[in-house]
1. Look through Gly127, Gly121 and report the one residue that is over 15 Å from the mean Cα position of the chain (by Cα) and touching a residue at least 40 places away in the same chain (Cβ under 8 Å).
2. Sort out which residues of segment 194-207 are crowded, with 17+ Cβ neighbours inside 10 Å and under 19 Å from Gln147 (Cβ atoms), and write them in order of number.
3. I'm trying to understand the selection: among the residues of segment 20-57, which are without any contact (Cβ under 8 Å) to a residue 40 or more places away in the chain and within 16 Å of Ala132 (Cα to Cα)?
4. Taking the conditions exactly as written (over 26 Å from Ala234 (Cβ atoms), modelled with pLDDT of 95 or more, assigned to a loop (DSSP other than H, G, I, E, B) and not assigned by TED's automatic domain parsing to the domain that holds Arg190), does Pro87 satisfy them or not?
5. Sort out which residues of segment 93-110 are over 17 Å from Phe180 (Cα atoms) and either exposed (fewer than 14 other Cβ atoms within 10 Å of the Cβ) or under 14 Å from the mean Cα position of the chain (by Cα) (or both), and write them in order of number.
6. Within the set of pairs 6 or more residues apart or between chains, which connect a residue that is in the same structural domain as Phe157 (by TED's automatic domain parsing) inside segment 172-194 to a residue that is surrounded by fewer than 23 Cβ atoms within 10 Å (Cβ to Cβ) and of a type in the set (Lys, Arg) with Cβ atoms less than 8 Å apart?
7. Among the residues of segment 130-147, write down those that are more than 14 Å from the chain's Cα centre (by Cα) and buried (at least 21 other Cβ atoms within 10 Å of the Cβ).
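The values are calculated or read from the model by the stated rules, or taken from the named source; none is laboratory data. Here the structure is a predicted model, which is why all the values come from computation and not from measurement. Here the Cβ positions follow ideal geometry from the backbone for every residue, glycine too, while neighbour counts run over all protein chains shown.
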Amino acid sequence: MTAAPPATRLPVSCGPWLTAWPWAETLPGARWLALRYDRVAFTPEAWSHAAVTPPEALRSAAPKRQLEFLAGRLCAREALNALSGEPCVPAIGADRAPCWPAGTVGSITHSGDLAAALVAGTERWRGLGQDAETLLDEARAARLGPQILTPDERHWFDTLPREQRGEFVTLAFSLKESLFKALFPLVGVRFYFQDAELTDWDAGRLSATLTLRTSLSDAWPAGRSLAGHYAHLAPYLLSLVAIPA
């Protein structure tokens with residue numbers, strides 16, 4: 001699933017576009033776009049160049065934060081244009097999440113020098129979540145693991161070969177972030193790293209299973225499982241959780 005690069009001219013701090021669908025699993029009807037960005041090249045004129053109005057709260061933010069937001073919204077605008085022919089810059093909701101146009105769902109992520117947006121119509125997908133993370137090395141994974149991993153995941157971590165431990169913690173962290181982005185709009189209940197668990201990992205197929213440890217609603221009880229997928233987009237791990245309509 002590869003899209004043509006958008007014709008939109010980018011500010012010098014953004015680009016090039018990345019258009020090749022990154023995951024082995026395709027999502028019918030979904031559109032994905034990403035771009036690289038350069039913090040050193042950012043100037044405030046990038047907003048007008050990109051024809052995006054910055055939210056008031058961002059006007060005095062650090063250049064890094066401004067560029068992350070701008071790059072993510074550019075990806076979202078062009079992905080929505082590819083999906084529906086209607087370019088739209090999602091506003092910020094009361095919960096700080098993007099406000100997607102009626103009839104669409106989506107997810108924005110940014111990390112390091114990468115921003116990406118994933119969008120689809122609600123007739124096919126109820127929720128979408130994606131997240132990009134730099135791969136952790138083993139030492140950092142060991143330090144962060146207790147905050148991210150459930151007791152069973154920590155036991156699993158201890159049994160893994162040392163060279164797989166960084167990827168395991170990165171995957172658990174990223175998939176739980178993607179799960180939250182996909183599921184929170186449906187349940188309206190905040191949940192945290194200990195409320196979901198990685199219960200299966202297929203490194204060959206770049207897929208995994210997440211299982212809820214906490215009941216979030218009648219439709220989403222503890223024990224319910226969801227499929228997750230991931231890809232390597234150097235130097236990032238890019239995860240995906242999609243909830244069908």
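1. On the way: Gly127 fails: over 15 Å from the mean Cα position of the chain (by Cα).
Criteria check complete, one pass: Gly121.
2. Step one: of segment 194-207, the residues crowded, with 17+ Cβ neighbours inside 10 Å are 195-198, 201, 206-207.
Once the filter is applied, which keeps residues that are crowded, with 17+ Cβ neighbours inside 10 Å and under 19 Å from Gln147 (Cβ atoms), segment 194-207 yields Asp195, Ala196, Glu197, Leu198.
3. Filtering segment 20-57 down to residues without any contact (Cβ under 8 Å) to a residue 40 or more places away in the chain leaves 20-21, 26, 40-48, 51-57.
Of everything in segment 20-57, those that are without any contact (Cβ under 8 Å) to a residue 40 or more places away in the chain and within 16 Å of Ala132 (Cα to Cα) turn out to be Ala20, Trp21.
4. Values: over 26 Å from Ala234 (Cβ atoms): yes; modelled with pLDDT of 95 or more: no; assigned to a loop (DSSP other than H, G, I, E, B): yes; not assigned by TED's automatic domain parsing to the domain that holds Arg190: yes.
Spelling it out, it is not the case that Pro87 is over 26 Å from Ala234 (Cβ atoms), modelled with pLDDT of 95 or more, assigned to a loop (DSSP other than H, G, I, E, B) and not assigned by TED's automatic domain parsing to the domain that holds Arg190.
5. Residues of segment 93-110 that are over 17 Å from Phe180 (Cα atoms), as a first pass: 101-104.
Selection gives Ala102, Gly103.
6. Here the result reads Phe184/Arg190; Leu186/Arg126; Gln194/Arg213, each pair linking segment 172-194 to a residue that is surrounded by fewer than 23 Cβ atoms within 10 Å (Cβ to Cβ) and of a type in the set (Lys, Arg).
7. Within segment 130-147, the subset more than 14 Å from the chain's Cα centre (by Cα) is 135-147.
Once the filter is applied, which keeps residues that are more than 14 Å from the chain's Cα centre (by Cα) and buried (at least 21 other Cβ atoms within 10 Å of the Cβ), segment 130-147 yields Leu136, Ala141.
Condition check ((1) outside any loop (DSSP other than H, G, I, E, B); (2) not small (Gly, Ala, Ser)) across all residues:
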position	(1), (2)
Arg205	no, yes
Leu216	no, yes
Pro221	no, yes
Ala227	yes, no
Ala231	yes, no
Leu240	yes, yes
Ile243	yes, yes
